[in-house]
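The values are calculated or read from the model by the stated rules, or taken from the named source; none is laboratory data. Predicted model, so just to flag it, every value in this text is computed and none were measured. Glycine also receives a Cβ, built like all others from the backbone with ideal geometry; neighbour counts cover every protein chain displayed.
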Amino acid sequence: MAMTNEPDALAVADSALVLDGDAGDFFALLKPRVMSLVVFTALVGLLMAPGEIHPVIGFIAILSIAVGAGASGALNMWYDADIDILMDRTAKRPIPAGRIPADTVLAFGLFLSVFSVATLGLTVNLLSAGLLAFTIFFYAVVYTMWLKRSTPHNIVIGGAAGAFPPIIGWACVTNSISLESIALFAIIFLWTPAHFWALALFKSDDYGRAGIPMLPNVAGERATKNQIVLYAALTAVSGVVPAIMGFAGVTYGVIAAVLGAAFVWYSVQVWRMADGDKKMVPAKKLFAYSLLYLFAVFSALLIDALVAKFFSAGV
Amino acid sequence: MDHVELTEQQKKARRSRSLALGVVLALLAVLFYVVTIIKVGPGIFNRPL
């Protein structure tokens with residue numbers, strides 16, 4: 001940045017406002033890939049819920065949930081900037097890369113948090129707004145500030161933050177929390193550990209460098225692999241619960257059972273992987289499949305719900 | 001008074017941020033207008049004088 005006396009230049013007093021980050025960097029603060037999963041699962045919760053919601057209000061609800069999720073992502077990046085710079089996976093994020101100052105990210109995250117919760121409360125209902133506020137608090141404070149750096153079970157408990165969106169989507173329509181929405185919550189909640197521990201296995205050097213007590217670094221590979229199989233099995237069972245409870249059809253149940261069986265199979269391949277394996281191919285495959293699993297299960301739920309609504313409307 | 005001259009990259013980044021902010025604000029204005037009509041409904045045109 002050059003100093004000059006040219007009249008068309010910014011005053012020095014405003015130099016704190018000079019940012020290298022462009023709109024894309026601010027968008028990156030919202031963790032768009034995580035947000036896409038949040039949007040999708042919240043949409044499924046909203047469309048599966050009994051009752052109706054005006055399409056525009058439904059759109060605002062999903063938008064608010066997406067922005068709230070993005071806000072918690074920005075707050076996470078603000079707090080974790082010191083460890084993000086130590087990990088290959090996160091070193092290019094806007095704060096560690098020096099493109100946006102940490103204070104600006106904090107203000108951005110706080111503003112979006114308040115704005116998204118207020119919008120949801122004013123346009124949809126107070127319960128969903130309260131749930132969104134709690135989700136942001138849970139992710140930014142309980143997970144990021146407390147659990148992440150203090151316990152290897154960080155993502156077991158912290159995974160609840162990522163599991164709330166379908167409950168919020170459901171509450172947007174019904175203004176209530178029901179066993180059905182809790183069943184949707186359970187699928188994501190139980191899925192999260194196997195998903196993240198697969199990542200933690202082949203990124204354990206990264207996490208170790210940053211001093212984050214992920215399970216492989218604290219309890220070792222064998223214990224992590226045992227836990228992965230356990231949670232994959234629990235996820236597979238939770239996947240068919242909507243069909244057992246009767247708010248999803250038999251076809252969905254069969255699809256979820258097959259997808260769940262494959263999830264367990266991939267986790268067993270990780271379990272069979274030799275300790276100390278450097279390539280970690282089975283862990284990488286499980287991580288990729290876990291993303292596909294969640295997307296496929298919620299897609300099947302969505303299609304099942306839309307088909308049921310189509311026929312119940314008598315069309 | 002000393003001034004800071006932005007680099008070309010910083011000017012480009014500022015244009016990008018300004019454009020994104022403008023688009024977002026315009027869309028929000030439209031969205032809140034539509035929501036107001038939906039929430040208040042046709043009754044908004046049926047107020048006692």
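Rundown of residues vs (1) within 14 Å of chain B (Cβ to nearest Cβ); (2) surrounded by fewer than 18 Cβ atoms within 10 Å (Cβ to Cβ); (3) in contact with a strand residue (DSSP E or B) (Cβ under 6 Å, 6 or more places away or on another chain), yes/no style:
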| residue | (1), (2), (3) |
| --- | --- |
| A:F26 | yes, no, no |
| A:K31 | no, no, no |
| A:V34 | no, yes, no |
| A:V38 | no, no, no |
| A:A42 | no, no, no |
| A:E52 | yes, yes, no |
| A:G68 | no, no, no |
| A:A91 | no, yes, no |
| A:P96 | no, no, no |
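Do you know which of the residues in chain B that are among the small types (G, A, S), modelled with pLDDT of 85 or more and loosely packed, with under 11 Cβ neighbours inside 10 Å is farthest from A:D25 (Cα to Cα)?
Looking at residues that are among the small types (G, A, S), modelled with pLDDT of 85 or more and loosely packed, with under 11 Cβ neighbours inside 10 Å, I get B:A29.
Which condition number does A:Y143 fail, the rest of (1) surrounded by 19 or more Cβ atoms within 10 Å (Cβ to Cβ); (2) of a type in the set (S, T, Y); (3) modelled with pLDDT of 95 or more being met?
Status for A:Y143: all satisfied but (3).
For the range A:168-185, check the following and say yes or no: at least one residue is among the charged types (D, E, K, R) and within 24 Å of A:A66 (Cβ to Cβ).
Checked the range A:168-185: at least one residue is among the charged types (D, E, K, R) and within 24 Å of A:A66 (Cβ to Cβ).
Scanning the range A:161-182 for residues that are buried (at least 19 other Cβ atoms within 10 Å of the Cβ) and of a type in the set (G, A, S), which turns out nearest to A:P242 (Cα to Cα)?
Once the filter is applied, the top-ranked residue is A:S181.
Among A:P193, A:P213, which is in contact (Cβ under 8 Å) with a residue 24 or more places away in the chain, part of a loop (DSSP other than H, G, I, E, B) and within 26 Å of A:S150 (Cβ to Cβ)?
Within the list A:P193, A:P213, the selection yields A:P213.
Counting only residues that are among the small types (G, A, S) and either touching a Ser or Thr at 6+ places or on another chain (Cβ under 9 Å) or within 14 Å of another protein chain (Cβ to nearest Cβ) (or both), which one in the range A:108-136 is surrounded by the most Cβ atoms within 10 Å (Cβ to Cβ)?
This residue is A:S128.
Within the range B:1-18, how many residues are at the interface with chain A (Cβ under 7 Å from one of its Cβ atoms) and within 15 Å of the chain's Cα centre (by Cα)?
2
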